[in-house]
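The values are calculated or read from the model by the stated rules, or taken from the named source; none is laboratory data. Being a predicted model, the structure only gives us computed values, none of them experimental. All Cβ positions, even for glycine, are placed from backbone atoms using ideal geometry, and neighbour counts span all protein chains on display.
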Amino acid sequence: MEKSKDILQKSLQNIANEQNYDNCQITIKDIASDGDNYTSYLYKVTLQSPGKKDLKLFAKVAALGQNIRILTPFFKKEHFFYNTLLRKYKELEDKNNVPIAHRLITPYFYGGSEELLKETLILEDLTAKGFTQYDRLKSINWDYASKSLENLAKFHALSIALSEDDPEYFQNIDILKLKTEYSTVADMIKSAINTTLPVIREENRAILKKYLESETQKMEKNPYDRICRRPVIIHGDHKPSNIMYRIVDGELEVITLDFQLISIGNPIVDILYVIYLGSDKKFRDQYFKPCLKHYYEELCKALKRLGVDPEKVYSKEDFDFEVKEILPLGLIQSICALPMVTLDKNEALALREDSTLDDLIVKPNALYIERINDVVDEFIEMGIIRK
């Protein structure tokens, strides 16, 4: 931890110089992740300079060693998003005169470092503006879900517009083509399944085991994120802990962060993250279909604002087809990621530089057992898992 602060100091001094914060006093405060983050050390930073307003910052310093970095270039991707992709998105919004109220809102990026194993990222401190994280141990509600899906629709629409405006550039974003091969995570998925099966109700355990054996074989040949009628740049980790919110004049506002897993893939992957990692059965019983409907309606609105005809680039027929094809991923996402989402804040993982993928597998708790059994019941009711 102290080593990461030393790494951070250099980047912060550069920012102080760029912002003309002379004779700057830099205060760094640790942030406990409480299970919401596993890739970085997190800090709140205040820059103080005579005659200047305090500058409130949020900083991330890489915490991962090489064992987990094999999954994807986490930090290079996030720097690419803020340094390059976001600028192109803003150019598209300017070109099409997208109203400010309908533009993609992201944290202001001040800078950082891409030096291997010493990567840093420094953003505005959103908590200073009243934003907070949703309690991941509680189910999301409709207001939060609908706003999150609206934001996601804007994000996906911009990548579709980019692919229409500059198809050659879009097709050659090499860093976003870097996929985690199934073989890399096969053992982790297998471990997650083996940890989950014993807590599944006995009447469902055998059919779930049989279904997962078949599904993982299919995933090895054709991973879900590569089934695409319309490839987009996906977030890859669009769960509530990466979507902050605040209420202004009675209106809910959300802002997405953590762009370390962006890639070219299927938009349904991100939608399922919101639904299955953020909600309980009661929410899904009432809002599962409205979530899908709301997302597609907002995507169409966002595309039209960017001068793109939704029917030509991603019809409702294509969307419905992909929902049907990708929906089984919701179960895999739940088995692999819900244990960490539902992890008690006092039991949060502490990854080290020598941590491996096996360290991401955690023991199921009561909340996970309840949630995963509900998901299995729903997949049986939908006919995806057959008795």
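Summary table
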{"item": "Residue in region 129-142 that is surrounded by fewer than 13 Cβ atoms within 10 Å (Cβ to Cβ), among the hydroxyl-bearing types (Ser, Thr, Tyr) and touching a residue at least 12 places away in the same chain (Cβ under 8 Å) present", "result": "yes"}
{"item": "Region 8-38 - residue that is in a loop (DSSP other than H, G, I, E, B) and either in contact with a Phe, Trp or Tyr (Cβ under 7 Å, 6 or more places away or on another chain) or on the phi > 0 side of the Ramachandran plot (or both) and, of those, modelled with the lowest pLDDT", "result": "Gly35"}
{"item": "Single condition Arg87 does not satisfy, out of (1) in contact (Cβ under 8 Å) with a residue 60 or more places away in the chain; (2) assigned to a helix (DSSP H, G or I); (3) under 20 Å from Ser159 (Cα atoms); (4) not hydrophobic (A, V, I, L, M, F, W, C)", "result": "(1)"}
{"item": "Positions within region 121-145 being outside any loop (DSSP other than H, G, I, E, B) and either aliphatic (A, V, I, L, M) or in contact with a His (Cβ under 7 Å, 6 or more places away or on another chain) (or both), in sequence order", "result": "Leu121, Ile122, Leu123, Leu126, Ala128, Ala145"}
{"item": "Hits in region 236-290 (condition: on the phi > 0 side of the Ramachandran plot and touching a His at 6+ places or on another chain (Cβ under 9 Å))", "result": "Asp258"}
{"item": "Qualifying residue in region 305-322 (condition: modelled with pLDDT of 95 or more and on the phi > 0 side of the Ramachandran plot)", "result": "yes"}
{"item": "Any hit, region 273-286, residues being β-branched (Val, Ile, Thr), modelled with pLDDT of 95 or more and surrounded by fewer than 19 Cβ atoms within 10 Å (Cβ to Cβ)", "result": "no"}
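Yes or no, residue by residue, for (1) surrounded by 13 or more Cβ atoms within 10 Å (Cβ to Cβ); (2) among the charged types (D, E, K, R); (3) at pLDDT below 85; (4) assigned to a loop (DSSP other than H, G, I, E, B):
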| position | (1), (2), (3), (4) |
| --- | --- |
| Ala161 | yes, no, no, no |
| Ser183 | no, no, yes, no |
| Ile189 | yes, no, no, no |
| Ile193 | yes, no, no, no |
| Lys209 | yes, yes, no, no |
| Glu215 | yes, yes, no, no |
| Asp225 | yes, yes, yes, no |
